[in-house]
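Remarks on the structure that follows.
The values are calculated or read from the model by the stated rules, or taken from the named source; none is laboratory data. The model shown is predicted, which means the values in this text are computed figures rather than measured ones. Virtual Cβ from ideal backbone geometry, glycine too; neighbours counted across all protein chains shown. Calculation scope for accessible area: heavy atoms of the full protein, side chains included, ligands and nucleic acids excluded. Shrake-Rupley method; radii C 1.70, N 1.55, O 1.52, S 1.80 Å.
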Amino acid sequence: MGIKAALPKYEIYFYYAVLCLAMFWSTSWIFEVSSSNANKKTFKTSVKPGWYYFGRKMDTADFEWMMWFSTFREHILFALSGHVLFAKICSMLAPQYRSLVYMVYGLLAVWTSMGWTYVTLILSHCILLYSISLVKIRWLCFVTGLCTLATFKCEPFVSWQAGFVEGDFELRHVLFYGGCGFTIMRCMSFALENCERKDGNYSILELLKYNFYLPFFYFGPIMTFDKFYVQANKSDLTRKERELWNISLQGLIHLGVVIVVDVLFHFMYILTIPTDMKLLKHLSDWALVGLAYFNLVYDWVKAAVMFGVINTVSRLDHLDPPRPPKCITMLYVFAETHFDRGINDWLCKYVYDYLGGKHENVVEELVATLCTFGVTILWLGPCEVVLFWAFFNCFGLNFELWTAKLFSMEPFASFEAMSRRIRAIFNTFNFWCIVLFNVLALNSLDFAKLVAKRLLLKGFPITTIIVMFMTYCLIQVIKERERRQALIDDPDPLPPAPPPNAATSPTGAPAAPAAAQPVADPSKEKAE
């Protein structure tokens with residue numbers, strides 16, 4: 001509704017100019033705070049000496065980023081390079097067995113990194129959920145999977161299962177929970193797809209091939225079983241034109257983003273500053289609002305790069321993995337807010353769309369969102385912060401449906417351009433709700449409360465109005481981009497061509513000959 005309503009060009013250019021100035025101004029504040037507090041005592045644990053060429057310290061507060069691209073990058077590169085090598089050899093010599101080679105290599109890699117007892121634990125969960133799937137009762141498969149997932153979230157089951165991991169190394173905790181959690185979600189996908197199969201059952205070998213595909217095993221993303229089964233057993237391995245070039249380009253882009261983020265970590269300590277509440281209370285409104293926004297942008301970049309590296313490997317294996325998450329800057333609705341598209345696709349397929357239908361009925365939508373966020377809470381691990389995050393996002397998702405129904409009625413539906421401006425005002429508040437609710441999960445409850453108080457209470461009315469106006473400009477820029485894309489994907493239909501002269505009458509009989517027309521002069525025709 002109204003997505004193709006255009007605004008004047010000068011208005012759009014004005015919005016772009018305002019956004020650039022706001023971004024520059026906020027960044028300068030954060031840079032100043034980072035430079036003046038680099039040697040602070042509370043920063044010693046996370047702000048450490050960085051690259052020699054810059055002569056500055058570096059923000060190392062994010063364990064995941066440092067693990068992937070600094071501490072354990074050699075180990076990760078070695079494992080993924082071995083997978084690519086063996087997969088390529090198999091694709092050339094025996095492409096029909098490539099999914100089996102993926103499984104064997106992944107099984108050996110997990111065995112080497114975590115020990116045979118951990119492999120036994122994973123296999124026991126696979127066998128359990130496979131056995132339940134043979135009954136072909138959907139709710140039973142779902143309940144069994146959720147109960148199995150819950151054993152990794154509560155004591156004493158967690159400690160008992162963690163004892164199956166051999167050795168004591170820094171990545172032990174991450175690999176244990178990553179491998180087990182994603183294994184349960186994959187097994188549930190397999191079981192639910194097996195319930196939908198009309199003739200017979202999938203073999204347990206197909207489940208093991210699906211689960212032990214190494215690029216997806218520890219860190220995701222999740223590809224639902226129906227997609228993986230079709231793509232991994234595809235016999236035609238020919239590539240589209242320039243596909244390898246696009247894969248290589250994607251890999252180079254990810255490398256460039258990693259370098260850019262590492263460079264920025266030397267100048268803006270956006271991850272360490274939010275941990276010091278005393279410092280935060282003395283920051284300006286611009287620095288605080290910028291920190292909240294940049295934290296979300298960084299988390300999206302991290303997800304896009306880490307999943308992008310894995311997706312590059314899987315695309316070399318002729319798979320079509322879940323796309324990276326949508327950029328947080330382009331989000332102003334709760335329905336599109338996610339940082340892991342694989343989990344999002346899984347939840348939509350098996351819970352949200354299954355229960356919500358066409359998402360038009362208010363009651364059905366409420367039930368679907370409650371169940372979806374219930375599973376999400378279990379996946380993330382129940383705690384105070386996760387419960388707050390789930391409640392606010394669930395409310396936001398339902399509130400959007402109510403608002404959309406309101407704006408589909410008259411008189412709003414009749415005024416396209418004006419309706420776009422009105423909806424952009426509502427989307428402005430929606431955008432900051434998304435930012436605050438997700439900052440709550442990514443940072444801390446105290447940081448989210450401080451940003452909300454400064455933005456809505458202490459900063460009112462000056463800071464509130466200025467920030468909301470700049471967010472309004474951002475929303476209009478996003479809507480303009482969506483409008484152009486909509487015109488490309490679904491161009492407006494051309495007016496119908498005039499009907500040709502009828503050769504027959506409506507009854508089917510030949511029409512009467514038209515009145516004789518004078519013969520045109522060839523010289524006149526040429527002149528015309």
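Work out the charge dipole of the chain with +1 on the Cβ of Lys and Arg and -1 on the Cβ of Asp and Glu about the Cα centre, then indicate which of Leu108, Phe43, Ile127 is farthest towards its positive end.
Towards the positive end, the residue furthest out is Phe43.
From the list (1) 65, 61, 47; (2) 86, 56, 56; (3) 100, 66, 51, can you say which value of Cα extents along the principal axes in Å was derived from the structure given?
Computing Cα extents along the principal axes in Å and matching it to (1) 65, 61, 47; (2) 86, 56, 56; (3) 100, 66, 51 gives (3).
Ignoring ligands, DNA and RNA, what percent of the 1.4 Å accessible area of segment 329-488 is carbon and sulfur?
71
Trp389: accessible area at probe 1.4 Å, nearest 10 Å²?
40
So what does log10 I(q)/I(0) come out to for segment 213-336 at q = 0.16 Å⁻¹, using the Debye formula with one equal point on every Cα and no solvent?
Debye curve over Cα of segment 213-336, log10 I(q)/I(0) at q = 0.16 Å⁻¹: -0.92.
Which entries of Lys278/Lys458; Lys281/Lys302; Lys153/Lys302 have Cα-Cα distances beyond 22 Å here?
Beyond 22 Å: Lys281/Lys302; Lys153/Lys302.
Under a 1.4 Å probe, what is the accessible area of segment 441-480 per residue, stated in Å²?
46
Is it possible to state the helix-based mean residue ellipticity at 222 nm for the chain, with each DSSP H run of 4+ residues giving -39500 (n - 2.57), the sum divided by total residues, to the nearest 500 deg cm²/dmol? What is it?
Taking each H run of at least 4 residues, the total per residue is -21000 deg cm²/dmol.
Can you return the lysines within cross-link range of Lys88? Criterion is Cα-Cα under 24 Å, with same-chain partners fewer than 8 residues away left out.
Lys209, Lys227, Lys234, Lys240
Hey, got a sec? Which GluC sites (Glu not before Pro) in segment 265-371 land in a DSSP loop and have at most 16 other Cβ atoms within 10 Å?
In loop regions of segment 265-371 (DSSP not H, G, I, E or B), the sparsely surrounded GluC sites (Glu not before Pro) are Glu360.
Can you return the aspartates and glutamates within cross-link range of Lys136? Criterion is Cα-Cα under 14 Å, with same-chain partners fewer than 8 residues away left out.
In chain and number order, the partners are Glu193, Glu196, Asp199.
Along the charge dipole of the chain, Cβ charges K/R +1 and D/E -1, which of Leu279, Phe190, Thr369 sits furthest on the positive end?
The listed residue farthest towards the positive side: Leu279.
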